[in-house]
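Just below is one structure, and these are the notes that go with it.
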Amino acid sequence: MLDQLARRVRTLLSRARRVERRELREFRRWAETTNRVVHLSMLVFVPLLIAVVTTLANAVPQLTFLLFPPLASGTYTLFVDPTAKYSDPKRFVVGLTIGAVCGLGALNVSSAVLAPPTGQFAVSATAAGLAVLATGLVTWPLDIEEPSSYSTALLALLVQPNQQLAFVGSISLASALVASVFVVWRARFYDRRATYLYGSTTGDDHVLVPMRGETAGRTAMLGARLAAAHEASKVVLLDMVSDSEAAATERELLQDTVKLDMFSETDTDVSGTGRTESAGRIAGDGGDAVDAQTTEAADFDAHVDWLETHAARIETRTGVPCQVVVAIDDGNPAATTLQTAAETNCDLVVAPYESEHGALSPYLRRLFRGNTDVLVHRSRAERSHWKRVLVPVRRTSDVAHNMVDFATRLAGKSGHVAVATCIDEHQNRRPAEEMLADLVEPFDGAIETRVSRAGINEFLETSGTQYDLVMIGASRDRSAASRFVSPPTFERLDDVDTDVAIVDRSH
């Protein structure tokens, strides 16, 4: 009885951990946009900072509550757009302080010339005008204009004569505290958010390539170029066979090929040991090599040579370690591919393009439904480098970040990436430009943003040929009805005479 209860408890805890991980992953992907990062930070830091200042004000009687309104609005200005003109910490502190000084100066001048108005919160109109005028005259030539300076100047008119020095000190100290927190947040988190938050920039460096179709070699090179951007990278070439006998034969031929390469005096580029170990680990116990006819043996020899040639080429050109594994296909190649990716610790599957009746093949669609990131490559030219990459997007999202990351990996420091979006005549260009700016801001490299009023198909037909690769999303977030009315973009790219990559992140 106790054992059954313990098992149930362990099962419930395991399920709870899976749900927790799934919810955390979903939240992280939801937050993978600069706009959401900023707003989440505002929800955390602005209330927290105001609470800290309020606590200090309650503990120190000399600190006046009049500093809170300009401090709150100034803090919001800092965090809402961390790279804007008014998000300068020095401008923030000096601007608020000068506003307070100008307001108090205007109050003293007005009081010396005119009788102060009666009433607890009555303010002289002359003093208010002088406070705003003085603030503008001082901050403009010094290039320290700060919107909250004017509210600080006006609130200074309510300060009692015996609290004027304390008011200026309160504004300076409180704004310096806020600015210090902002500087640390921007340097340690916001500027490094691609490392901390965007999983696309830290993963996808172990790449599995199913060697299917005539263009598999070019696709394997594309996968290697993606992996080469990270130090701890590897490429696994997957060959699927129909039964254990074929797997055993191919595995033995791979072992023989590796031995010959290891002892060859003319070809030392192939690192065969890693490939042999992986082949044995995935294929399982296949027994001794099966006697076959001469033609069948020749076919196996040619196929093994083809695999080893591509593996050696990848290692030589990219410096990425490459393995060849053999897996037994039990009738579901997509499931076999995903299982092999898990067993070889690969976090990205890069597969050659396959179509059926004008759409993606069932094999690729099943890959998209798996738990591993997938990139499908349609090759139209004998390319081994992709230095000019076009990334059309509809909105900021985890997939969009993933595509920009992949594009910058392929282009490298010497290449060029263009991130584009299409709008109709009724849409405003400015929101589209801001969306693209937020999308590319975390990434380094030469990245151009483009906004086009042409339809996506027309835009790609006219502009796609200027690039080596067009990288688009798999549009898995669209409903079935939406797909029926308007097929996904990647299914309408037959007229685009350039390489295409379709990217999908696992969910």
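Please treat every number below as a calculation from the coordinates, not as lab data. All values derive from a computational prediction rather than experimental measurement. Virtual Cβ from ideal backbone geometry, glycine too; neighbours counted across all protein chains shown.
A few remarks follow.
- Difference of contour (0.36 nm per residue) and Cα-Cα distance, SER506 to ASN35: 167.3 nm
- Gain in span if fully extended, ASP305 to GLU434, counting 0.36 nm per residue against the direct Cα distance: 41.3 nm
- Two-site label geometry, LEU43 and ALA176: point separation in nm, points 7 Å out along Cα→Cβ: 3.3 nm
- Kirkwood-based shape ratio for region 34-193, expressed as Rg/Rh from alpha carbons: 1.01
- Potential extension, VAL113-ARG188 segment - 0.36 nm per residue separation minus Cα distance: 21.9 nm
- Modelled spin labels at GLN163 and SER242, positioned 7 Å past Cα toward Cβ, are 9.0 nm from each other.
- Sites ARG366 and GLU214, calculated FRET efficiency, Cβ-Cβ separation with R0 22 Å, nearest 0.05: 0.55
- Across all C-alpha atoms in region 399-466, the radius of gyration and Dmax reach 12.4, 37 Å.
- Where labels lie 7 Å past Cα in the beta-carbon direction, separation of ALA381 and ASP3 in nm: 6.7 nm
- Its convex hull of Cα atoms gives region 335-413 a direction-averaged projected area, equal to a quarter of the hull surface, of 6.8 nm².
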